[in-house]
Amino acid sequence: MIKIVIAEDQRMLLGALASLLDLEEDMKVVGRASNGEEAVMLVQQLKPDICIMDIEMPAMSGLEAAEAIKGSGCKVMILTTFARAGYFERALKSGVNAYLLKDSPSEELAISIRNVMAGRRMYAPELMDEAYGGGESNPLTQREKEVLGLIADGKNTKEIASQLYITTGTVRNYISVILDKLGVGNRIEAITRFKEKGWFK
């Protein structure tokens, strides 16, 4: 049985992830943390096989927590919204075993956990492209492309949030990451840049 601790500051997502993994016959969620400090404490107490962590959490980030539990025998899987090369590089330095994005299909999570337990490392392909790919490729994740597509369709923040079942705060986060990645100042410029590059499918 694979024993799992999940660290995620969004309560609803934490509950959903735990329920999802508890359905797997070979997995059991033994602890839930709402920040990095709790995650480190639970890993020390419960000795799980793997800890699934978000990056941006109060008290201590997922990357700081990953560094803190390095060498404890517990494998670390980062599960985050942020496909940022800087985060990814730091995660690799912290020795994380997997770095996946929250917009990956849910069935991939259990498969990735089994792969990590078998000694493999699992990294989101778009991060590998960004970190190691030459040439200019589309820097946005699938979910960021969806958000930009909805902006291009004339949807406002509230409508995007409702259509993608996420909060308006999360939509605003996505938009700031999109503007940052595309090196533009506003939504109109982002759409123009994306079209110029031929990245709209």
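Is it true that Ala83 is modelled with pLDDT under 90, surrounded by 18 or more Cβ atoms within 10 Å (Cβ to Cβ) and assigned to a loop (DSSP other than H, G, I, E, B)? Let's see the steps before the verdict.
Details: modelled with pLDDT under 90: yes; surrounded by 18 or more Cβ atoms within 10 Å (Cβ to Cβ): yes; assigned to a loop (DSSP other than H, G, I, E, B): yes.
Yes; evaluated as a whole, the condition is true for this residue.
What helices (runs of 4 or more DSSP H) lie completely within the range 144-201 and have 3 or more residues being among the polar types (S, T, N, Q) and free of Cβ contacts under 8 Å to residues at least 40 places away in the same chain? Show your work before the answer.
Details: elements: 157-164, 168-182, 187-196.
The qualifying helices (runs of 4 or more DSSP H) are 157-164.
Got a number for residues in the range 1-59 being out of contact with any Asp or Glu (no Cβ under 7 Å at 6 or more places or on another chain), under 17 Å from Asn97 (Cβ atoms) and of a type in the set (Asp, Glu)?
Counting residues in the range 1-59 that are out of contact with any Asp or Glu (no Cβ under 7 Å at 6 or more places or on another chain), under 17 Å from Asn97 (Cβ atoms) and of a type in the set (Asp, Glu) gives 1.
Looking for whichever is aliphatic (A, V, I, L, M) and either in a helix (DSSP H, G or I) or at pLDDT below 90 (or both) here; the options are Val29, Val43, Val96, Val76. Which one fits? If you could, list the steps in order and put the result at the bottom.
Values: Val29 fails: either in a helix (DSSP H, G or I) or at pLDDT below 90 (or both); Val96 fails: either in a helix (DSSP H, G or I) or at pLDDT below 90 (or both); Val76 fails: either in a helix (DSSP H, G or I) or at pLDDT below 90 (or both).
Being aliphatic (A, V, I, L, M) and either in a helix (DSSP H, G or I) or at pLDDT below 90 (or both) holds for just one of Val29, Val43, Val96, Val76, which is Val43.
Among residues belonging to the range 122-135 that are surrounded by 15 or more Cβ atoms within 10 Å (Cβ to Cβ) and out of contact with any Pro (no Cβ under 7 Å at 6 or more places or on another chain), point out the one that is modelled with the lowest pLDDT. Can you show your working first?
So in the range 122-135, the residues surrounded by 15 or more Cβ atoms within 10 Å (Cβ to Cβ) come out as 122-124, 126-127, 129-130.
Filter once more, keeping what is out of contact with any Pro (no Cβ under 7 Å at 6 or more places or on another chain): 122-124, 126-127, 129.
On the way: Met122: 89, Tyr123: 86, Ala124: 82, Glu126: 71, Leu127: 71, Asp129: 61.
Here the answer is Asp129.
Step by step: first the residues of the range 136-153, then only those that are within 15 Å of Gly183 (Cα to Cα) and surrounded by fewer than 16 Cβ atoms within 10 Å (Cβ to Cβ), then the one that is modelled with the highest pLDDT. Which residue is that?
Per the criteria, the residue is Ser137.
Matching residues to (1) under 18 Å from Gly95 (Cα atoms); (2) open to solvent by less than 50 Å² (accessible area, probe 1.4 Å):
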| residue | (1), (2) |
| --- | --- |
| Asp22 | no, no |
| Val29 | no, yes |
| Ala33 | no, yes |
| Gly36 | yes, yes |
| Ala39 | yes, yes |
| Leu42 | no, yes |
| Ile50 | yes, yes |
| Ile55 | yes, yes |
| Pro58 | no, no |
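Only one of (1) surrounded by fewer than 19 Cβ atoms within 10 Å (Cβ to Cβ); (2) of a type outside the set (Asp, Glu); (3) within 16 Å of the chain's Cα centre (by Cα) fails for Leu63. Which number is that?
(1)
Could you please give the count of residues in the range 86-102 that are in contact (Cβ under 8 Å) with a residue 40 or more places away in the chain and either open to solvent by 50 Å² or more (accessible area, probe 1.4 Å) or of a type in the set (Gly, Ala, Ser) (or both)? Give the derivation first.
First pass over the range 86-102, keeping only residues in contact (Cβ under 8 Å) with a residue 40 or more places away in the chain: 88-89, 97, 101-102.
From what's left, either open to solvent by 50 Å² or more (accessible area, probe 1.4 Å) or of a type in the set (Gly, Ala, Ser) (or both): 89, 102.
Count: 2.
Condition first: of a type in the set (Phe, Trp, Tyr), modelled with pLDDT under 90 and within 23 Å of Ala124 (Cα to Cα). Can you find one or more residues in the range 187-199 that meet it?
Of the residues in the range 187-199, the ones of a type in the set (Phe, Trp, Tyr) are 194, 199.
Applying the additional criterion that residues be modelled with pLDDT under 90 yields 194, 199.
Narrowing further to those that are within 23 Å of Ala124 (Cα to Cα): 194, 199.
Yes, some residue in the range 187-199 is of a type in the set (Phe, Trp, Tyr), modelled with pLDDT under 90 and within 23 Å of Ala124 (Cα to Cα).
(1) of a type outside the set (A, V, I, L, M); (2) in contact (Cβ under 8 Å) with a residue 12 or more places away in the chain; (3) within 21 Å of Arg114 (Cβ to Cβ): which one isn't true of Asp22, the others all being true?
(2)
For residues that are under 11 Å from Ala7 (Cα atoms) and assigned to a loop (DSSP other than H, G, I, E, B), tally how many sit in the range 61-73.
Qualifying residue count for the region: 1.
Just to verify a result, which residue in the range 69-80, among those that are surrounded by fewer than 18 Cβ atoms within 10 Å (Cβ to Cβ) and touching a residue at least 24 places away in the same chain (Cβ under 8 Å), is nearest to Ile113 (Cα to Cα)? Walk me through how you get there before you give the answer.
Here is the first cut: in the range 69-80, the ones surrounded by fewer than 18 Cβ atoms within 10 Å (Cβ to Cβ) are 70-73.
Pick out the ones that are also touching a residue at least 24 places away in the same chain (Cβ under 8 Å) and you get 70, 72-73.
Values: Lys70: 18, Ser72: 18, Gly73: 15 Å.
The qualifying residue nearest to Ile113 (Cα to Cα) is Gly73.
For the range 106-118, which positions are open to solvent by less than 60 Å² (accessible area, probe 1.4 Å) and either in a strand (DSSP E or B) or out of contact with any Leu (no Cβ under 9 Å at 6 or more places or on another chain) (or both)?
Of everything in the range 106-118, those that are open to solvent by less than 60 Å² (accessible area, probe 1.4 Å) and either in a strand (DSSP E or B) or out of contact with any Leu (no Cβ under 9 Å at 6 or more places or on another chain) (or both) turn out to be Asn115, Val116.
The values are calculated or read from the model by the stated rules, or taken from the named source; none is laboratory data. Quick caveat, the model's predicted, so the values are computed rather than measured. FYI the Cβ positions are ideal-geometry reconstructions off the backbone, even for glycines, and counts take in every protein chain you see. For the accessible areas, the whole protein counts, side chains as well, though only heavy atoms, and no ligand, DNA or RNA atoms are used. Shrake-Rupley method; radii C 1.70, N 1.55, O 1.52, S 1.80 Å.
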